[in-house]
Every structure is written in structure tokens, then in C-alpha cells.
Amino acid sequence: MRALLKDNAVEALVGLVVLIVAVGFVLFAYQRTGGAAGGYTIAARFPNVQGINTGTDVRVSGMKVGTVTAQRLDAKTFQAVLDLSIAPEIKLPIDSSAAITSEGLLGGNYIKLTPGGDPQVLKPGDEIEDTQGATDLMGLIGGYINRTGSDDSARAPAAAPPPAK
């Protein structure tokens, strides 16, 4: 075995480097998807979570404070329930709100938390009551385009004047 390793030292070294890079990539992916999120978990119900996946950022004032760790459909209300992992140093008031917001016209979506003013804070397992789902931009644009000029009174031909006698 030693003779084989000695003859192929370069290949063994390259294999070790590839193995180290692969482990580093797995750790990076694990951290980015919320696998090692830490903190405490709260829930939020939304009517529409289009563009939100596990690992999506949760932000307060534009700063990342957590990630979406799970999503499921409530079978009774048919609303999407998101589990949000929040950094332990962030203490959100119990009357905070959550909204799905876009980074821009072509950007991705994220969860925007707006802290309330109540002195009581959310505890692990609590649920944010005030939520706003994702806005369907394509639906809005399509609705605007399809309704432009569709006012029936604008389309109807003017009534012909009565014949002159």
C-alpha cells in the first residue's frame, strides 16, 4: 500500500484537496439553507408565498436577521405557514408584522419584518398575526394591460343625431 501511495503521491494529494473542497461546499450550503440557523423559531401565516423557499432571508430594516426554515400548508385554512428562524439577539415585539417583499423588479423575494411597539416580545413557537402575502406582479401588469381602454362607455359609438326634417 505504501509503495502504491508513494508512486501516486500527486494523485493522492489532488484527491485530498478535492475532498476538502467538497466538505467546505457542503458546510457552506448547509449554513446558507438554514441548516445551522440557531436562534428561535416563530411562525407566520400568509395567503400567498410565491417566490419564498426554505432558506429565504428574513429582514428587519433591510438587515438579515433570520431565514425561512420550513413551509407547509394549513389543511383547514389553506394558508401557507412559514417557520422563521430569528437570531437570538433580535427580540421582536408581539405586535410585529410580516410581509413578503421584492428586492426590486427583477430581484428575489424576502420576508420583511416590521417591529411593533408592544413591550411584550415574541417567544419561540409564537405566531405573527399581522401578515401580508406576496403581490403577483405579473397579474397586476396583465390586469392593467387588459383593462386599459376597456371602459364600455369609451368604446360605444356616439349616438347618431336624429334625421333632420
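Could you check how many residues of the stretch 83-116 are in a loop (DSSP other than H, G, I, E, B) and either among the charged types (D, E, K, R) or closer than 27 Å to residue 30 by Cβ (or both)?
Taking the stretch 83-116 first, the residues in a loop (DSSP other than H, G, I, E, B) are 87-92, 94-96, 103-108, 115-116.
Checking the rest, the ones that are also either among the charged types (D, E, K, R) or closer than 27 Å to residue 30 by Cβ (or both) come to 87-92, 95, 103, 107-108.
Number satisfying all stated conditions: 10.
Go through the stretch 40-74 and report how many residues are touching a Ser or Thr at 6+ places or on another chain (Cβ under 7 Å) and either over 11 Å from residue 100 (Cβ atoms) or not in a loop (DSSP other than H, G, I, E, B) (or both). So the answer is 14.
Please go through the stretch 46-82 and give me each residue that is farther than 22 Å from residue 28 by Cβ and surrounded by 14 or more Cβ atoms within 10 Å (Cβ to Cβ), ordered by number.
Narrowing the stretch 46-82 to residues farther than 22 Å from residue 28 by Cβ: 46-51, 60-62, 71-82.
Result: 46, 48, 49, 50, 51, 60, 71, 79, 80, 81, 82.
Check 149, 125 and return the single one that is at pLDDT below 85, at positive phi and not charged (D, E, K, R).
Details: 125 fails: at pLDDT below 85.
Going through 149, 125 in turn, just one is at pLDDT below 85, at positive phi and not charged (D, E, K, R): 149.
Residue 95 satisfies every condition listed in (1) surrounded by 15 or more Cβ atoms within 10 Å (Cβ to Cβ); (2) closer than 15 Å to residue 41 by Cα; (3) among the acidic types (Asp, Glu) except (2). Being at pLDDT below 90, buried (at least 16 other Cβ atoms within 10 Å of the Cβ) and either aromatic (Phe, Trp, Tyr) or in contact with a helix residue (DSSP H, G or I) (Cβ under 9 Å, 6 or more places away or on another chain) (or both): is that true of residue 12 here? Taking the combined requirement at face value, the residue does not satisfy it.
The values are calculated or read from the model by the stated rules, or taken from the named source; none is laboratory data. Please read all numbers here as calculations on a predicted model, not as lab measurements. As a convention, Cβ positions derive from the backbone with ideal geometry for all residues, glycine included, and neighbour counts pool all protein chains shown.
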